[in-house]
Structures are given as C-alpha cells and as structure tokens.
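Worksheet: the structure to be examined is printed underneath.
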Amino acid sequence: MTENALTVHQIARPHGFPTAADHFRLVESPVPAPAPGTVLVENLYWSVDPYHREMMDGDFALDAPLEGRTLGRVLASRAPGFSEGEIVFHRHGWRTHSVVPAAELRTVPRFEGVPLSAHLSVLGGTGLTAYVGLTRIARLREGDDVFVSAAAGGVGTATGRFARLMGAGRIVGSAGSAAKVAYAVENAGYDAGFDYRAGPVAASLAEVAPDGIDLFVDNVGGEQLAAAIGALREHGRVVRIGTIGQYNTPDAPVPLFDHADIVEKSLRMEGFLVRNYRDVQEELYEFAVPHLRSGRLGLDETVVNGFGSIVEAFLGMLRGENVGKIIVRGADV
C-alpha cells in the first residue's frame with residue numbers, strides 16, 4: 001500500500017467544454033483509515049462516463065472528490081461481510097483510496113475467463129444500460145430494425161452486440177468518424193452505419209435504413225433524434241439514454257421534428273436512469289456471461305493506464321477519442 005492517497009477534485013463549473021487546468025485539481029493526502037461500519041478500498045479500475053459532464057454543472061460539490069463507478073480491493077474492513085483482499089464495486093471513485101460505508105459496497109463475482117474490467121463495461125453500468133434499454137424500455141422484438149446513435153461508444157457497442165444476440169433485424173448506427181463506423185460494423189454487430197459529421201443526418205440515415213426503423217436507441221439527442229423520429233415506422237419506439245451531444249453546448253437549438261409523427265405513427269418515447277434498475281443486474285449476468293465465455297460476446301474497451309491520467313481519459317471520452325467503454329486502470333494492476 002502506498003503512503004499517500006490521490007484524489008481528483010472539481011474546482012470550478014465549466015461553461016462549455018471543461019479543461020484539466022481550469023476545472024480539476026489532483027490532491028494528495030494520507031491514506032484514510034476506516035471507521036466502524038466502513039471499509040478501506042484500494043481502487044484498481046475507474047469508469048469515466050458521459051453523465052459526469054452533466055453532473056459537473058451543479059451536482060458535484062466543488063473542492064471535493066468526484067464520484068464514479070470503481071472496482072477496488074479491500075485493504076482493511078471494519079464492517080461485517082467484507083474481508084481483506086476481496087474485490088468490490090462502489091461509487092466513491094476518482095481517488096486511489098476510498099473509505100466506503102458497507103451499505104454502499106457490492107462484492108464483485110468472479111467469472112472464470114471473464115476479465116475483471118468487464119464489471120465496468122459490458123457487465124457494469126454500461127452493459128446494464130444497454131440491456132435495460134432493449135429489454136425493459138424498448139421491449140425489443142425479434143426482427144426489429146434498430147438505429148443507435150454513438151454506436152462506437154460504450155453503451156452503443158453493448159447495444160449493438162446485445163441486439164444482435166437477441167435476434168434484432170437490421171442494426172445501423174452513427175458515429176463521429178469513418179473509422180468508428182467501421183469498428184461498429186466489423187466488431188459490434190452492426191450491419192451498416194454513417195459518420196454523422198459527413199452530411200445531413202436524415203439523408204445519411206435514409207441511405208443505411210431505406211425502409212425505416214422500428215427502434216431508436218439514443219445516446220446523443222439533437223439532429224439525430226429528429227432524424228430518427230422521421231424514420232420510425234408505425235408503433236416505433238425511442239429509448240432516450242443520454243444527450244451527450246448537448247452537454248458541452250447548453251445553448252444548442254432544440255431538435256425540430258414533425259410532432260404529428262408521434263400521433264400519426266403511434267410512436268412511444270421513454271427515457272430512464274439505470275440506477276432505478278439495479279434489480280436487473282443478476283439477469284444481465286445470466287444473459288451476458290455465457291456469451292462472453294463462448295466468445296459470441298466481445299469486450300469493447302479503451303483502457304488508459306494510471307490514475308494520474310483519469311482527467312485526460314474523461315476529456316478524451318467527451319471528445320470521442322475512445323471506442324467502446326473507456327476505463328482507467330491502476331498502474332499496479
């Protein structure tokens with residue numbers, strides 16, 4: 001165990017795109033000691049996610065440690081049910097060491113042949129978001145034609161892979177570069193895709209899905225949401241997961257679409273927060289782990305080494321530099 005702990009604090013509210021120098025500070029302090037009912041965890045893997053950017057606008061306290069999904073090893077326990085050396089999941093991340101109340105910890109099951117990092121990607125909140133979106137919100141039917149925005153990101157790749165395993169029909173996606181589109185098609189179950197920066201989204205979507213779509217899984221919002229509503233068939237569904245396209249541009253115009261489509265095509269649009277579906281976690285394991293072991297389900301992860309790189313990893317994710325889920329790995333892992 002190191003003698004000192006490192007923590008990332010947010011020091012200012014961003015107006016537009018955040019920067020490492022203006023909005024974050026790395027703080028060093030002694031490794032904390034656990035109080036009764038808590039556990040000291042040495043963190044091993046950290047998740048950086050799009051929702052962090054939205055929370056920077058007011059949910060995160062200034063000059064205090066940021067939170068985030070994290071995997072770590074128990075160093076010392078003063079709570080029943082947790083033993084030294086166990087691997088646990090918690091949300092007291094963006095620090096090398098965390099003292100966590102026992103009620104906020106979950107022991108991570110170890111599945112033979114499955115990397116630990118999967119518990120932050122396809123088996124973690126990212127995979128759970130994709131799984132809930134398809135099964136609980138969209139109620140995906142075999143043969144449904146699906147369009148996914150941010151198809152090469154963490155949720156996007158998991159959605160493509162899961163939809164393919166669940167028997168979806170044609171799966172198309174959008175991404176921010178031709179290389180990312182190629183990745184989604186070659187690796188993540190997509191039949192076709194387009195670079196949303198290359199031209200009008202509605203025209204690009206019509207080219208890859210000329211007969212329309214049954215389901216839109218939206219991670220972006222904006223022009224892509226408007227185009228998808230126009231392309232949906234009767235009784236189509238929109239699953240709203242995120243609006244990453246607007247997080248750094250709060251003054252961007254609201255997407256315009258023909259609101260009559262909602263009525264005339266009997267469309268349904270629903271958003272959700274994955275934290276309200278934690279009871280589905282075991283079902284996700286039952287679905288995904290056999291496919292991971294058989295090789296039918298792959299991992300889409302961009303791994304950045306070293307806790308000191310966590311801010312740049314986060315900013316890189318916002319810039320779209322990753323494919324799949326971006327994860328920070330401790331230097332000693």
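Exposure proxy shown here: for Lys265, Lys180, the number of other Cβ atoms within 10 Å sets the order, fewest to most, as Lys265, Lys180. Mean-square fluctuation check for the chain, GNM, Cα pairs under 10 Å: which of Ala179, Ala103, Ala202 is largest? Of the options given, Ala103 has the highest mean-square fluctuation. Both radii come from the Cα set of the range 247-333: Rg as radius of gyration, Rh as Kirkwood radius; their ratio Rg/Rh reads 1.10.
Rg of the Cα atoms in the range 13-167, relative to 2.2 N^0.38 Å, amounts to 1.21. For the pair Glu207 and Arg296, a Förster radius of 35 Å applied to the C-beta separation gives a FRET efficiency near 0.75, rounded to the nearest 0.05.
Calculated on the alpha-carbon coordinates, the convex hull of the range 42-123 measures out at 99 cubic angstrom per residue. Working from Cα pairs under 8 Å separated by at least six residues, relative contact order for the range 125-274 is 22 percent. The spacing between the range 72-117 and the range 255-307, judged by their C-alpha centroids, is 24 Å. Counting only Cα atoms, the chain measures 61, 44, 34 Å along its principal axes, largest extent leading. In a GNM of the chain with a 10 Å cut-off on Cα contacts, which of Ala206, Ala260, Ala192 has the highest mean-square fluctuation? Greatest mean-square fluctuation among the candidates belongs to Ala260. Normalised by 2.2 N^0.38 Å, where N is the number of residues, the C-alpha radius of gyration of the range 86-185 stands at 1.28.
Relative to its Kirkwood radius, the Cα radius of gyration of the range 125-274 gives an Rg/Rh of 0.92. Ordering 135-143, 322-330 by mean Cβ neighbour count within 10 Å, with the highest value first, yields 322-330, 135-143. With R₀ set to 56 Å, the beta-carbon distance separating Ala331 from Glu283 gives a calculated FRET efficiency near 0.95.
Overall shape of the range 1-42 was characterised from the C-alpha gyration tensor. The equivalent ellipsoid obtained from it has semi-axes of 29, 12, 7 Å, in decreasing order. Across the alpha-carbon set of the range 158-213, the Rg to Rh ratio works out to 0.96, Rh being the Kirkwood radius.
Read-outs: derived from the displayed coordinates by stated rules, not from any lab. What you are looking at is a predicted structure, and each value in this text was computed from that prediction instead of being measured. Cβ atoms come from the backbone with ideal geometry, glycine included; neighbour counts cover every protein chain shown.
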